Amino acid sequence: ASELGERYASAYFDTIFCSDLERSYKTAEIAFRGRNFPIIKDPRLRECDYGDMEGVSREIIKQERVRRIKTAFPNGESYEDTSHRMKEFLRDLSKNYEGKKVMIIGHRATQYGLEHWINRIPLEEVVTAPWKWQPGWTYVMKDLN
């Protein structure tokens, strides 16, 4: 979180959006402490709800991903579900923040949705592609239709 703040020390954001899960909003609070950016928690930016598989190893989730694009994790969500949450978030963002610069602090499902809706990459490709952490992604909003 501190490194995130350092990376963006000279940047300006109209708003910081984060999921309402503690890891996400605490990251925002630590990274941008002392800066005057509004921080808005939004549950649509949450990680996928893994349901009965919550807390299992990353390896098991990795093996399940391809089966869970359209079919929800038992008592949880599918990646299509998380993607639809992101689309609704992005629609609201385009209506209320057009021409503004925002930061989104979310989870892997958040990034899957951004790649799918903004970069037009099929969800099947996004979810199954090898994922590698990087210090941030930049997206430019386009028409979501």
Residue in region 6-15 that is hydroxyl-bearing (Ser, Thr, Tyr) and in contact with a helix residue (DSSP H, G or I) (Cβ under 7 Å, 6 or more places away or on another chain) present: no
Among the residues listed as GLU59, GLU54, the single one being over 12 Å from the mean Cα position of the chain (by Cα), farther than 24 Å from VAL140 by Cα and surrounded by 13 or more Cβ atoms within 10 Å (Cβ to Cβ): GLU54
Residue in region 89-97 that is surrounded by fewer than 16 Cβ atoms within 10 Å (Cβ to Cβ) and either closer than 22 Å to LYS26 by Cα or among the aromatic types (Phe, Trp, Tyr) (or both) present: yes
Set GLU29, GLU47: member being of a type in the set (D, E, K, R), under 29 Å from ARG7 (Cα atoms) and touching a strand residue (DSSP E or B) at 6+ places or on another chain (Cβ under 7 Å): GLU29
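Residues are listed down the side, and each one gets a yes or a no for (1) closer than 25 Å to PRO135 by Cβ; (2) at pLDDT 95 or above:
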position: PHE17; (1), (2): yes, yes
position: ARG23; (1), (2): yes, no
position: LYS41; (1), (2): yes, yes
position: ARG68; (1), (2): no, yes
position: TYR79; (1), (2): yes, yes
position: SER83; (1), (2): yes, yes
position: SER94; (1), (2): no, no
position: TYR97; (1), (2): yes, no
position: LEU114; (1), (2): yes, yes
Residue list for region 1-51, restricted to those being open to solvent by 60 Å² or more (accessible area, probe 1.4 Å), more than 17 Å from ASP81 (Cβ to Cβ), of a type in the set (D, E, K, R) and not in a helix (DSSP H, G or I): ARG33, ARG35, LYS41
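The values are calculated or read from the model by the stated rules, or taken from the named source; none is laboratory data. Because the structure is predicted, anything quoted here is derived from the model rather than measured. Neighbour counts run over all protein chains shown; Cβ positions are idealised from the backbone, glycine included. These accessible areas exclude ligands, DNA and RNA; they are computed on the full protein's heavy atoms, side chains included. Shrake-Rupley method; radii C 1.70, N 1.55, O 1.52, S 1.80 Å.
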